[in-house]
Structures are given as C-alpha cells and as structure tokens.
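So the structure is just underneath, and the comments pick up after that.
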Amino acid sequence: MGKAIPVRQNTATREKLLETAKQLFYQQGYYATTLAQISAVSEINNGLITYYFGSKNNLASEIYTAFVISVRSEVSRQLFDIKKDYLMELGMAVEWRFMLSIKIENENIMRFYTEYIKDRDQFSDINEKREHYYHLQKTLVNPYISDQDLRFYEVCGVSVMRSVSEAYAKGFLKCDRDYLEDYVIRVLFEMLRLPSYRVETLVDESRYYKSKMKIRIGDGFELITT
C-alpha cells in the first residue's frame, strides 16, 4: 500500500491549489483557465485537483461560494458595528447591493461569474450549505412562506441577480445604480412574500447602511475593508 499523505501536507496542497486557481480565474476568466495550467503554476500534480475537487466547475464553485460568504460575513460584521443590532433581512438587502455593485464595477469578477455559472447545473445536486441558508430565510425572514414559494424564490432569485447585473454591465439597462439595486431588492423580497411596507423600509435602510460600509475587492477575489 502507498504511504498516506500527512494531514498537514494534505491541507497545504489543497490550499495552494485554491489560491492558484483564484488568481488564474480572476486574471483570465473561467473558460481560459485550464486544470493543466493550474497544475503547472501551482507545481502540483493534475490528478490531485480531481482528487480534491472533482472538476474545474466544483473548484470554481468552492472559490465563488467562499467569496460570497466572505462578503456576507463582512456585511454582517459592519452592520452590527454601525447599527448595534442585526436583522437577517436587512443584512440580505445590503449584501445584494454589494454583490450587484461588485459584479458591475469589477470586470474580472463579472467575467468569471458569467462563464462559471453558465457551465454549472445548479439543480443537479443538493448543496447543504445553500439549503440551510434558504431554510434560515424562511425561519427568520418570513416563516409563513410556503415551501413551494420558497423554492421558486431560490430558483428565480439567482436568475434575477445574474441577468440584471449582466444586462446593466453591458449597457442594456440604462438607469442609475440606486434604482437598479432598489429594483432587485423589491423583486427578491416580493418573492419572499414580505408585505410592501416592509420591503420599502428595507430598500431605504439598506441603501443608507451600504453607504456607511467600507467593502471593496482587490485582485484575486481579495476582500478589502479599509
């Protein structure tokens, strides 16, 4: 039998592959980056990429999911620091504003996201973290929404964010940024069946609190908060 790889070395190898892939995906986009290139730049055997991640799309998904979670966590932290309180629906609204802004302002992230998402079948498997997040929304934002409506929101909400940010970046939607962000927030919370007065409050509050936060993106999906 072959000698087992120590856990520490195992973790370091996986992290090096992730960091290399992040830089290449950011600089070149998803399509232009190959597993062979990631292997060559990281100086790690190509077979280990498949061993750790299964496919290029799974690798890209892990990178993008970690990026979204980092934005979400930073929004939550700064929102609590400013407001001394945290409500999930307000955090979601501010996060949506930042994610729209990031994709529109950062061509590298927009290119990566557009290419990666087109290559992914989001309904082929169940993502436990994603399912848990949507369950939290039902529990903490609107416990009265039906499971069927929640599923429609899960499917259509992703499409709304993707199509609106893409159309705006390409100049198809001609409006100011606040109007775009307000529109998306209204649509998504209406899908969650929140009453209109609450939706309008979240639109106004999220615009205000986003303006008070310091979040921007550097090279390689780096989150900069100063």
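Could you say which residue among F67, F80, F98 is open to solvent by less than 50 Å² (accessible area, probe 1.4 Å), over 16 Å from L24 (Cα atoms) and among the aromatic types (F, W, Y)?
F98
Count, please, the residues in region 101-112 that happen to be under 14 Å from F221 (Cβ atoms) and open to solvent by less than 30 Å² (accessible area, probe 1.4 Å).
Qualifying residue count, region 101-112: 6.
If you scan region 162-193, which residues turn out to be open to solvent by 20 Å² or more (accessible area, probe 1.4 Å) and over 20 Å from Y113 (Cα atoms)?
K174, C175, D176, D178, Y179, Y183, R186, V187, E190, M191, R193
Under the condition of being open to solvent by less than 50 Å² (accessible area, probe 1.4 Å) and assigned to a helix (DSSP H, G or I), which residue from region 202-213 is nearest to V141 (Cα to Cα)?
So the residue we want is L202.
Can you tell me which residue is most open to solvent (accessible area, probe 1.4 Å) among those in region 214-226 that are free of Cβ contacts under 8 Å to residues at least 60 places away in the same chain and farther than 16 Å from E95 by Cα?
T226
Pick out the one residue from A40, A21 that is of a type in the set (G, A, S) and open to solvent by 60 Å² or more (accessible area, probe 1.4 Å).
After ruling out the rest, the residue left standing is A40.
Just one of (1) part of a helix (DSSP H, G or I); (2) over 23 Å from S211 (Cα atoms) trips up K103, so point out which.
All conditions are met except number (2).
The values are calculated or read from the model by the stated rules, or taken from the named source; none is laboratory data. Quick caveat, the model's predicted, so the values are computed rather than measured. Note that we place each Cβ from the backbone using ideal geometry, even for glycine, and neighbour counts take in every protein chain shown. To get the accessible areas, we keep the full protein, side chains included, count just its heavy atoms, and leave off ligands, DNA and RNA. Shrake-Rupley method; radii C 1.70, N 1.55, O 1.52, S 1.80 Å.
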